[in-house]
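Comments concern the structure below.
The values are calculated or read from the model by the stated rules, or taken from the named source; none is laboratory data. Quantities reported herein were computed from a predicted structural model and do not represent experimental measurements. So basically every Cβ, Gly included, is an ideal-geometry build from the backbone, and we count neighbours across all protein chains shown. In case anyone asks, the SASA skips ligands and DNA or RNA and just uses the protein heavy atoms, side chains included. Shrake-Rupley method; radii C 1.70, N 1.55, O 1.52, S 1.80 Å.
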Amino acid sequence: MSSSNLALLRIAGVAIGLCSLAFTSCNYDVPITSGPTRNIEQRLLGDWISLDGKENMKVRRLDDNTYVVYYDGDLFRAYHSDVAETPFATVQDLNSSDRKYAYIIWKLADGKNLRLRSVNDKVVPKETKDSASIVALLTKNASNPELFGEEIEFKKEK
């Protein structure tokens, strides 16, 4: 395989990962938890840009427990759904009529670098229809390296 084909495959893989992490592939019918497990983190608020400069995300406070996320023209509601000592977030697509959910994990380093990974729907099937089953699957697979998809990293702009 030529190096240009490898580069194209890598770009396609990153694009697919970005789409899933960009919350645009919200495919779960229920949230991880019915409500937030803790208050918002002030350090997550602000404007973020992907390392390649192509993806922009604005994270704002809606109330003490909920974020509003503007991601390249789409609106999402997000809140912490910590499970098995892991900082998950439940993200709901507000633009679609079905208002489905995505599940992500996040890591914030030094307040300026945010890493996001989405939950793999092969490990937590999108057909799972209740939050208790979702929590059980996340807890059971907490140390499973296949639980998460590709990582995307953002830098804080302001």
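Among (1) surrounded by 14 or more Cβ atoms within 10 Å (Cβ to Cβ); (2) at pLDDT below 90; (3) not in a loop (DSSP other than H, G, I, E, B), there is one condition LEU6 misses while meeting the rest; what is its number?
That leaves (1) as the condition not met.
Which count do you get for residues in the stretch 53-67 that are farther than 19 Å from LYS155 by Cβ and either open to solvent by less than 40 Å² (accessible area, probe 1.4 Å) or outside any strand (DSSP E or B) (or both)?
Here the count works out to 5.
Being under 21 Å from ASN27 (Cβ atoms) and open to solvent by 20 Å² or more (accessible area, probe 1.4 Å) narrows it down to one of ASP98, ASP110, ASP82, so name that one.
After ruling out the rest, the residue left standing is ASP98.
What's the number of the condition LEU75 fails, among (1) touching a residue at least 40 places away in the same chain (Cβ under 8 Å); (2) surrounded by fewer than 20 Cβ atoms within 10 Å (Cβ to Cβ); (3) in a strand (DSSP E or B)?
(1)
Quick check on GLU127: is it open to solvent by 30 Å² or more (accessible area, probe 1.4 Å), more than 19 Å from VAL30 (Cα to Cα) and not hydroxyl-bearing (Ser, Thr, Tyr)?
Considered against the rule, which asks whether it is open to solvent by 30 Å² or more (accessible area, probe 1.4 Å), more than 19 Å from VAL30 (Cα to Cα) and not hydroxyl-bearing (Ser, Thr, Tyr), GLU127 comes out as no.
Of these, ASP130, ASP52, ASP82, ASP121, which one is more than 20 Å from GLY35 (Cα to Cα) and in contact (Cβ under 8 Å) with a residue 40 or more places away in the chain?
Step by step, each of ASP130, ASP52, ASP82, ASP121 is checked, and only ASP121 is more than 20 Å from GLY35 (Cα to Cα) and in contact (Cβ under 8 Å) with a residue 40 or more places away in the chain.
I'm trying to understand the selection: among the residues of the stretch 101-125, which are touching a strand residue (DSSP E or B) at 6+ places or on another chain (Cβ under 6 Å) and either assigned to a loop (DSSP other than H, G, I, E, B) or within 13 Å of GLU41 (Cα to Cα) (or both)?
TRP106, LYS107, LEU108, LYS112, LEU114, ASN120
So which residues in the stretch 136-154 are under 17 Å from the mean Cα position of the chain (by Cα) and surrounded by fewer than 17 Cβ atoms within 10 Å (Cβ to Cβ)?
Selection gives ALA142, PRO145, GLU146, GLU150, GLU151, GLU153.
Rundown of residues vs (1) at pLDDT 95 or above; (2) touching a Phe, Trp or Tyr at 6+ places or on another chain (Cβ under 7 Å); (3) of a type in the set (Ser, Thr, Tyr), yes/no style:
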position	(1), (2), (3)
GLY53	no, no, no
ARG60	yes, yes, no
THR66	yes, yes, yes
ASN95	no, no, no
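Can you find a residue that is at positive phi and outside any loop (DSSP other than H, G, I, E, B) anywhere in the stretch 82-98?
No.
Mind listing just one residue for me: the one in the stretch 32-49 that is assigned to a loop (DSSP other than H, G, I, E, B) and hydrophobic (A, V, I, L, M, F, W, C) and, of those, surrounded by the fewest Cβ atoms within 10 Å (Cβ to Cβ)?
That would be LEU45.
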